[in-house]
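Below: one structure, written as structure tokens.
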Amino acid sequence: MPRLPLKYVPSIRFKLMCLVLACILPAALLAALLAALLIGYDYRLSYDNFTHSALATARANAMDVDRELAVVESALVGLSTSPDFTLRDLRAFDAQARQLGARQNIFNLVLEDAGGQQRMNTFRPYGAALPREPDSASLRFMREHDATFISSLFFGPLARRPMVAVGIPLTSRDGAWCALTATIAVERFGAILRQQQYPPHWITSIIDRGGRIVARTADMERFVGTPALPLVRERVRRQQEGAFETETLDGKPILAVMARAPQSGWTVAIGIPLVTLKAEMRHKLWSLVLVTVGLLGAGLLAAWRIGTRIRRAVHGLVAPALALGAGEAVAPAAYGMREADAVGEALARASAMLLKARHQATHDSLTGLANRAMLHDFLVHQLAISQRSGAPLAVLYLDLDRFKAINDTHGHAVGDELLIGAAARLRSQLRKADLAARLGGDEFAVLLADTDAADTARVVSKLSALLAEPYQIQGLRLAAAASIGVALYPAHGDSPAQLLEAADQAMYQAKAARRQAAGHA
């Protein structure tokens, strides 16, 4: 049978989940059918309860609008009780009106007589010429009904901004009929909405009797003065309050809840995105779904967790196996499964054996320095780097003087300790980028990366002095200085063989020179 690609082979976790499904799926299907009926009923009940709650909020906000307008009306009534209120001398009354406007955040106050002639306007200096508006709608309403007048939104010609007016009919102390009107900015109603702390996705608007937006929780400057949605305006005209689904001007479905204020006739409308509304309700519905499929979910979750642990344990062995194949060290680890732990320990033991064999293949067993094969590979690598970058390179060839005599006289054990000591002295003077190798017997080689002739000479001087110092071995004081030959890249060659040969020849020349110097001495 041909082997399937690995990605198509079912996992342990998948097979465990199939087993759970086969055991409990029939019972879960029956429970899901019953739950579907309960979900539909619960959804409608939650929707109705939410709508009633939002409608109660709209009613309360509509009362807040009436209260705010009543505050302005009360301020006007209080001002009208001033002893200075007479149409013949308004200077003191004008000063009181200006103080009231500052305290109550009123834009300006206007006093008009029955003919529409303004007698006082706090927006203008006292005594300035004031206009006459005999056919003013507000004045006509107050004359005919003798009642408080609350305007719709209008654009103040003097203030050049959206405004709302509240006026009351009065009789001055000298018996003349007049009207006292306060003009307030729409930001006052925006403050009412900001105090409510609606959910961030709710959009609430205050709409005047003409269907225009007076204040809004979002983008107020953009929408103030614009008509409300056509369906909202129609509902405002036909009913006191209600809830219905509609769409915003950009086509987004919403639940619109509205309530009309009894005194002003203004309306508070709340728009709630249906997507958000249904999302909020799903929290409760999903809890019912989870109860319905709880048995299935618990079984699948248990299978998933067990399968995940098995999968994690098996996959945890992948990295050590790849590291073993790459010749890297593998440390023992716990994988949460006895079988996986046993395989992991076997991989760690195999890694240790391979690393040991690899070290023995590339290092000298006595001194721990690199052997000839490793030196050759490292030299090839460094030459490639130098050829690309133009960096210098130096190869040293070392031979210990008098080693054969010491080895023959005092034995191989002393000779081995001498070699180990010499290797340690070599290693102590090298950088991490350099490499020291034992070529055999008492011959060593050193590769100095990125080192020019001057630096090489300094290293040779240090090594010569250090290797010439006596060795204390088994109570013996032994001297075995070193003859050192130097080959530089590219002056003496551009291949490992050429450089090693040049360094070897230089070493023999140095040894001959030392012997000649000793003979003359």
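Test L426 against the stated conditions and say whether it is within 23 Å of Q472 (Cβ to Cβ) and in the same structural domain as Q505 (by TED's automatic domain parsing).
yes
Take the residues in the stretch 171-193 that are farther than 14 Å from M120 by Cα and over 60 Å from the mean Cα position of the chain (by Cα), then tell me which one is surrounded by the fewest Cβ atoms within 10 Å (Cβ to Cβ).
Step by step, filter the stretch 171-193, then rank; the result is G175.
Answer yes or no as to whether L476 is surrounded by 12 or more Cβ atoms within 10 Å (Cβ to Cβ) and under 60 Å from the mean Cα position of the chain (by Cα).
Answer is no for this residue.
Would you mind telling me which numbered condition in (1) at pLDDT below 75; (2) touching a helix residue (DSSP H, G or I) at 6+ places or on another chain (Cβ under 9 Å) G40 fails?
(2)
Among the residues of the stretch 386-402, which ones are without any contact (Cβ under 8 Å) to a residue 60 or more places away in the chain and surrounded by fewer than 14 Cβ atoms within 10 Å (Cβ to Cβ)?
Answer for the stretch 386-402, where residues must be without any contact (Cβ under 8 Å) to a residue 60 or more places away in the chain and surrounded by fewer than 14 Cβ atoms within 10 Å (Cβ to Cβ): R388, S389, G390.
Taking the condition closer than 27 Å to P262 by Cα, under 52 Å from the mean Cα position of the chain (by Cα) and hydroxyl-bearing (S, T, Y), does S151 pass?
yes
Results for (1) modelled with pLDDT under 90; (2) in contact with a His (Cβ under 6 Å, 6 or more places away or on another chain); (3) assigned to a loop (DSSP other than H, G, I, E, B), shown as yes or no for each residue.
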position: M120; (1), (2), (3): no, no, no
position: G127; (1), (2), (3): yes, no, yes
position: D135; (1), (2), (3): yes, no, yes
position: L139; (1), (2), (3): no, no, no
position: M142; (1), (2), (3): no, no, no
position: S152; (1), (2), (3): no, no, yes
position: P157; (1), (2), (3): yes, no, yes
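Of all residues in the stretch 269-288, how many are within 34 Å of the chain's Cα centre (by Cα) and modelled with pLDDT of 85 or more?
4
Among the strands (runs of 3 or more DSSP E) lying completely within the stretch 403-521, list those that include at least 2 residues that are in contact (Cβ under 8 Å) with a residue 60 or more places away in the chain.
Hits in the stretch 403-521: 435-440, 443-449, 476-478, 482-489.
Determine whether R188 is of a type in the set (K, R), in contact (Cβ under 8 Å) with a residue 24 or more places away in the chain and within 20 Å of D64 (Cα to Cα).
Judged against the criteria, R188 is a match.
State the number of residues belonging to the stretch 202-216 that are under 9 Å from T267 (Cα atoms) and either assigned by TED's automatic domain parsing to the domain that holds F149 or β-branched (V, I, T) (or both).
Qualifying residue count, the stretch 202-216: 2.
Among what's in the stretch 242-268 and is at pLDDT 90 or above and part of a strand (DSSP E or B), pick the residue that is surrounded by the fewest Cβ atoms within 10 Å (Cβ to Cβ).
R260
Of all the residues that make up the stretch 60-94, how many are touching a residue at least 40 places away in the same chain (Cβ under 8 Å), touching a helix residue (DSSP H, G or I) at 6+ places or on another chain (Cβ under 9 Å), of a type in the set (D, E, K, R) and in a loop (DSSP other than H, G, I, E, B)?
0
Can you confirm whether the stretch 485-508 contains a residue that is within 15 Å of I420 (Cα to Cα) and assigned by TED's automatic domain parsing to the domain that holds V395?
The answer is no, given that none of the residues of the stretch 485-508 is within 15 Å of I420 (Cα to Cα) and assigned by TED's automatic domain parsing to the domain that holds V395.
Answer with yes or no whether A147 is surrounded by fewer than 19 Cβ atoms within 10 Å (Cβ to Cβ), of a type in the set (A, V, I, L, M, F, W, C), touching a helix residue (DSSP H, G or I) at 6+ places or on another chain (Cβ under 8 Å) and free of Cβ contacts under 8 Å to residues at least 40 places away in the same chain.
Judged against the criteria, A147 is a match.
With respect to A165, is the statement that it is within 55 Å of the chain's Cα centre (by Cα), small (G, A, S) and either farther than 17 Å from V65 by Cβ or outside any loop (DSSP other than H, G, I, E, B) (or both) true?
When the stated conditions are applied, A165 passes them.
The values are calculated or read from the model by the stated rules, or taken from the named source; none is laboratory data. This structure is a prediction, so every number in the text was calculated from the model and none was measured. Virtual Cβ from ideal backbone geometry, glycine too; neighbours counted across all protein chains shown.
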